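Chemist: Below is one structure. I have some questions about it.
The values are calculated or read from the model by the stated rules, or taken from the named source; none is laboratory data. Note that the structure is a prediction, hence the values are computed from the model and not measured. Every residue, glycine among them, receives a Cβ derived from its backbone with ideal geometry; neighbour counts consider all protein chains shown. SASA here: full protein model, heavy atoms, side chains in, ligands and nucleic acids out. Shrake-Rupley method; radii C 1.70, N 1.55, O 1.52, S 1.80 Å.
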Amino acid sequence: MSLAKSIFAEFESQAPITRKFLERLPEDKLTWKPHVKSMSAGQLALHLARVPGGVVRFVQQNPQQAPDFANVPQPASVREVLTTYDESIATVRTLLPQFDDASMQETWRMLRGDTELLAIPRAQFIRDIMLNHWYQHRGQFSVYLRLLNVAVPATWGPSADEQPSFPPKTQAA
């Protein structure tokens, strides 16, 4: 299996789970923050929605200028978050499979001006940011949901509120 297909398979298994988290954000809690230094629930949800497609678009160019993370937009509605998510997922489905192993193994560089900030294989950046970074923020969002008294979806295993959706293994005789 190619590197892109391997990452894509993991992405496809996790995309519906992340959508469950986003769907559970109460409309009236978009601006709620657990702490003054935290992103609002809406900002974090929108970030979760934007990460996959944003990362795959970002690595198209090599080298690439580092983004400015100073301005995290506040969504107006949960519908905006979900629409952004659907567009992000479609972007990954279109662009990620186009990478061959040579382009995934290519040293990809991120710059700030003329200063190189990062030089790693493109596949590693995609895994680190599109997947691992995404999971980290999904975990953060689960705490937001818990603090808002919203049922937290199961992920790889059960949450305190529900069991995972994969079927249980049957015992061999």
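Chemist: Would you mind putting 135-148, 105-118 in packing order, based on average other-beta-carbon counts within 10 Å, highest first?
Modeler: Ranking the peptides 135-148, 105-118 by packing returns 135-148, 105-118.
Chemist: Continuing with this model, one more query. From the phi of every residue in the stretch 59-64, what ³J(HN,Hα) in whole Hz does the Karplus formula 6.51 cos²θ - 1.76 cosθ + 1.60 yield, where θ is phi - 60° and glycine or proline is x?
Modeler: Values, residue by residue: 7, 4, 9, 9, x, 10 Hz.
Chemist: Mind computing the radius of gyration and Dmax over the alpha-carbon atoms of the stretch 1-49? Å is fine for both.
Modeler: 14.6, 45
Chemist: Carbon and sulfur together cover what percent of the accessible area of the chain at a 1.4 Å probe radius?
Modeler: 53
Chemist: Here is a follow-up. Compare 84, 155, 31 in a GNM of the chain, Cα atoms joined below 10 Å, and give the one with the largest fluctuation.
Modeler: 31
Chemist: Given the chain, what count of lysine pairs have C-alpha atoms under 28 Å apart, with each pair 8 or more places apart or on different chains?
Modeler: Lysine pairs meeting both conditions in the chain amount to 7.
Chemist: Right, next: Can you give me the Cα centroid spacing of the stretch 1-28 and the stretch 112-140 in angstrom?
Modeler: If we compute the Cα centre of each part, the gap is 17 Å.
Chemist: Would you be so kind as to identify which of 120, 131, 96 lies farthest towards the positive end of the dipole of the stretch 89-150, taking Lys and Arg as +1 and Asp and Glu as -1 on Cβ and the Cα centre as origin?
Modeler: 131
Chemist: Additional query: Mind listing the long-range amide H neighbours of residue 64? Cut-off is under 5 Å, sequence gap 5 or more, other chains count too, H placed in the peptide plane at 1.01 Å from N.
Modeler: Those qualifying (amide H under 5 Å, at least 5 residues apart or on another chain) are 109, 110, 111.
Chemist: Shifting gears a bit: Run the numbers on the stretch 46-173 and let me know its relative contact order in percent, using alpha-carbon pairs under 8 Å that are six or more apart.
Modeler: Relative contact order comes out at 24 percent.
Chemist: If the chain were replaced by its equivalent ellipsoid, with semi-axes equal to the square roots of 5 times the Cα gyration tensor eigenvalues, what would those be, largest first, whole Å?
Modeler: 28, 24, 13
Chemist: For a protection proxy built on the mean count of beta-carbon atoms within 10 angstrom, sort 38-50, 68-80 highest first, please.
Modeler: Top to bottom by mean Cβ count within 10 Å: 38-50, 68-80.
Chemist: Wrap a convex hull around the Cα atoms of the stretch 46-127, take a quarter of its surface area, and give that in square nanometres.
Modeler: 5.7
Chemist: I would also like to ask the following. Among DSSP beta bridges lying fully in the chain, give the percent that are antiparallel, nearest 5.
Modeler: 75
Chemist: Using the Karplus equation 6.51 cos²θ - 1.76 cosθ + 1.60 (θ = phi - 60°), what ³J(HN,Hα) coupling, rounded to whole Hz, does each residue of the stretch 137-145 give in order, writing x for Gly and Pro?
Modeler: So the Karplus estimates, Gly and Pro as x, are 6, 5, x, 4, 5, 4, 5, 4, 4 Hz.
Chemist: Taking amide H positions as placed in the peptide plane 1.01 Å from N, state which residues far from residue 161 in sequence (5 or more) or on other chains have amide H under 5 Å from it.
Modeler: So residue 161 has HN proximity to 152.
Chemist: So what is the accessible area of the chain per residue, in Å², with the probe set to 1.4 Å?
Modeler: Normalised by residue count, the accessible surface of the chain is 56 Å².
Chemist: In whole Hz, with x marking every Gly and Pro, tabulate ³J(HN,Hα) for the stretch 70-86 from phi via Karplus 6.51 cos²θ - 1.76 cosθ + 1.60, θ = phi - 60°.
Modeler: Result, rounded to whole Hz: 5, 10, 9, x, 9, x, 8, 7, 5, 4, 4, 4, 5, 5, 4, 4, 4.
Chemist: I need to check one value: relative contact order of the stretch 1-79, counting alpha carbon pairs closer than 8 Å and at least 6 residues apart, in percent.
Modeler: Computed value for the stretch 1-79: 33 percent relative contact order.
Chemist: Further, regarding this structure: Where does the chain land at 222 nm, in deg cm²/dmol rounded to the nearest 500, when only DSSP H runs of n ≥ 4 count, each adding -39500 (n - 2.57), divided by all residues?
Modeler: -14500 deg cm²/dmol
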